[in-house]
Structures are given as C-alpha cells and as structure tokens.
Amino acid sequence: MENVRQFALLSIAVVAALRDLREGRIPNRLIVIGLVCGAVWQFAAAGQAGVVLFVGGCVLPVLLFGGLYYFRMFGAGDIKLLCVLGGFLGPMDGFRCIAVSVFFGGCIALAILIAGGGLRERLGYLAGYLLDYAVDGQWRSYMAGVRRQDRFCFSVPVLLGVLCYIGGFL
C-alpha cells in the first residue's frame, strides 16, 4: 500500500515540475487532485487520526513560507505543492521532506547566482530590500527586482525532496 502513496506523490511532483518548467506555474487542478489523494490516503491509512495528520501536513508549509509568499519571494503554486506533500506525508515526514527540498533549492539558487556572476549583486539587493521595508514598512514584490535568469522553479527541489523520501534517504 505504501507503494501506491509513493507512486501518487512522485507522479504529482513530476507533473508539477514539468508544468512549472514549461509554463511557469503549477496547475490548480493538479493541486486539488493531490490534496484529495492525500486526504483519502491519510484517512484510509489512519482513520480520524489521518485527518489530523493530513490537516497538520497541509498547514505546515503555509506557516513556514507564508511570510515569504507575502513578499513574493516564494510562489503560491510552490506553497500549494508543499501542502500536497505535507498532506500525503503528515507534519513530521512532511517537514523532513520540505527541509531537504529547501536545502536543494538553496544549492540550486547558489549555483545559478555563482554561474551568472550575480551573487554579490543579489545579496546587495536583498539587503537593500530588507532595509527599505524596515524603514518605510511599504510592501513591494521582491521578485520585481529579480532578473529572469536568476529565477528558478522551486518545484524541481520539491521533486528532489520527494525522490529522497521515496529512496529512503530521510
């Protein structure tokens, strides 16, 4: 039965990454399918306790990344994909998988910045952005000042995190 969950989770992560890379977004239909599958899985596996695990796993990414979404440093589709992941895995395994995804995302972002020669520039932009917000308290989208070549799809690190989970590395 665990194989069914792993297959469903991997399928959703692969489709999300492919669509995100091709279209720059993760379809809401895929998110809804993932949430329904995760809820059914948790209820079938653990009954009412599974519902608590599902909800806890879904809420965790919102709590962890809601602030980053507010400043547009993180996309809504990425958070929703992490909610699907958390719903399938529950809060504990979901947190471990999210942590690995964030690690991979950091590595990819650093590689992009180093390869593009913009690491110092990006760190300066972040410092200026944070200072401006601290001084005037005005919300501005962080991504407005990010070059296209410095952006990447976070669904790819999420897929890598799912692969690590399925491979037993977490």
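The values are calculated or read from the model by the stated rules, or taken from the named source; none is laboratory data. Everything quoted here is computed from the prediction, not taken from an experiment. Here the Cβ positions follow ideal geometry from the backbone for every residue, glycine too, while neighbour counts run over all protein chains shown.
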ask   = Looking at (1) more than 25 Å from LEU159 (Cα to Cα); (2) in contact with a Cys (Cβ under 8 Å, 6 or more places away or on another chain); (3) not basic (Lys, Arg), can you tell me which one TYR125 breaks?
value = (2)
key: region 60-97 - residue that is touching a residue at least 24 places away in the same chain (Cβ under 8 Å) and either of a type in the set (Val, Ile, Thr) or outside any helix (DSSP H, G or I) (or both) and, of those, farthest from LEU18 (Cα to Cα)   = PHE71
key: Qualifying residues in region 45-69 (those that are of a type in the set (Gly, Ala, Ser) and touching a helix residue (DSSP H, G or I) at 6+ places or on another chain (Cβ under 7 Å)) - the one surrounded by the fewest Cβ atoms within 10 Å (Cβ to Cβ)   = ALA46
ask   = Just a yes or no: is a residue in region 23-42 assigned to a loop (DSSP other than H, G, I, E, B) and either buried (at least 19 other Cβ atoms within 10 Å of the Cβ) or basic (Lys, Arg) (or both)?
value = yes
query = Just wondering, is there one or more residues in region 7-16 that are of a type in the set (Ser, Thr, Tyr) and under 13 Å from the mean Cα position of the chain (by Cα)?
reply = no
task = Could you please let me know if ILE108 is modelled with pLDDT under 95, under 22 Å from LEU9 (Cβ atoms), of a type outside the set (S, T, N, Q) and surrounded by 13 or more Cβ atoms within 10 Å (Cβ to Cβ)?
result = yes
message = Can you tell me which condition GLY118 does not meet? The list is (1) modelled with pLDDT under 80; (2) closer than 19 Å to PHE74 by Cα; (3) crowded, with 16+ Cβ neighbours inside 10 Å, and all the others hold.
response = (2)
remark   = Here the qualifying pairs (Cβ atoms under 7 Å; residues six or more apart or on different chains; first in region 106-131 and under 28 Å from GLY161 (Cα atoms); second exposed (fewer than 13 other Cβ atoms within 10 Å of the Cβ)) come out as GLY116/GLN149
query = Which members of region 1-22 meet the condition of being of a type in the set (Val, Ile, Thr), buried (at least 17 other Cβ atoms within 10 Å of the Cβ) and touching a residue at least 60 places away in the same chain (Cβ under 8 Å)?
reply = ILE12
